[in-house]
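Right, one structure below, let's go through it.
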Amino acid sequence: PSGMTSIGRRAFDGCWGIAFVKTPGCFKMGDVFCDSLGAIAEVVIAEGEEEIREGFADGCSALSSLTLPESLKTIGDNAFKDCTSLASVAIPSGVTSIGNWGFYGCTSLASITIPSGVTSIEFAAFEDCTSLTSVTIPEGVTSIGDGAFRGCTSLTSIVIPSSVTSIGG
């Protein structure tokens, strides 16, 4: 339900058949939760949620379908780190920040839409997204953190707007 704030460690341990989770984005699903459920392939974050917390789906390697609500404003650090089956993400227009390592290691991520409301792309946000081929950074982004696209070995095109005033190492 929308008022839920936590799910205990190993609450669904051994429930290997669960492949779909509909959730408020207010709790950390991450590592142990994903390991307990096995092959979570689809996650839908409920409308009304404004934040995806740090480490939300960190290490959910089977996650291939992600639906983010229009109400979303922040994607926390490590939110989708190492979601190696995630091939594309449409970030809603209300998002203003993509946290450190937000999509780090999403090796299947070939397509990302960054909305115009984003003002910063943090440290290593898309590092090691080895399938990412092109990125268009929207007007309004002012800073791109260190290593934001480091290790994106398939990246052949990146468009950086005049609003960017700093690009990290």
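Can you go through Ser120, Ser116, Ser111, Ser162 and tell me which one is of a type outside the set (A, V, I, L, M), in contact with a strand residue (DSSP E or B) (Cβ under 7 Å, 6 or more places away or on another chain), farther than 20 Å from Ile40 by Cα and open to solvent by 30 Å² or more (accessible area, probe 1.4 Å)?
After applying the criteria, what remains is Ser111.
Cβ-Cβ distance below 7 Å, separation of 6 or more or different chains: which pairs start in segment 83-104 with a residue that is free of Cβ contacts under 8 Å to residues at least 12 places away in the same chain and end on one that is among the basic types (Lys, Arg) and open to solvent by less than 10 Å² (accessible area, probe 1.4 Å)?
That search, which allows pairs on different chains as well, returns nothing.
The values are calculated or read from the model by the stated rules, or taken from the named source; none is laboratory data. All values reported here derive from a predicted model rather than from experimental measurement. Backbone-built Cβ (ideal geometry, glycine too); neighbour counts: all protein chains shown. Remember, those area values only see protein heavy atoms, side chains included, never the ligands or the DNA or RNA. Shrake-Rupley method; radii C 1.70, N 1.55, O 1.52, S 1.80 Å.
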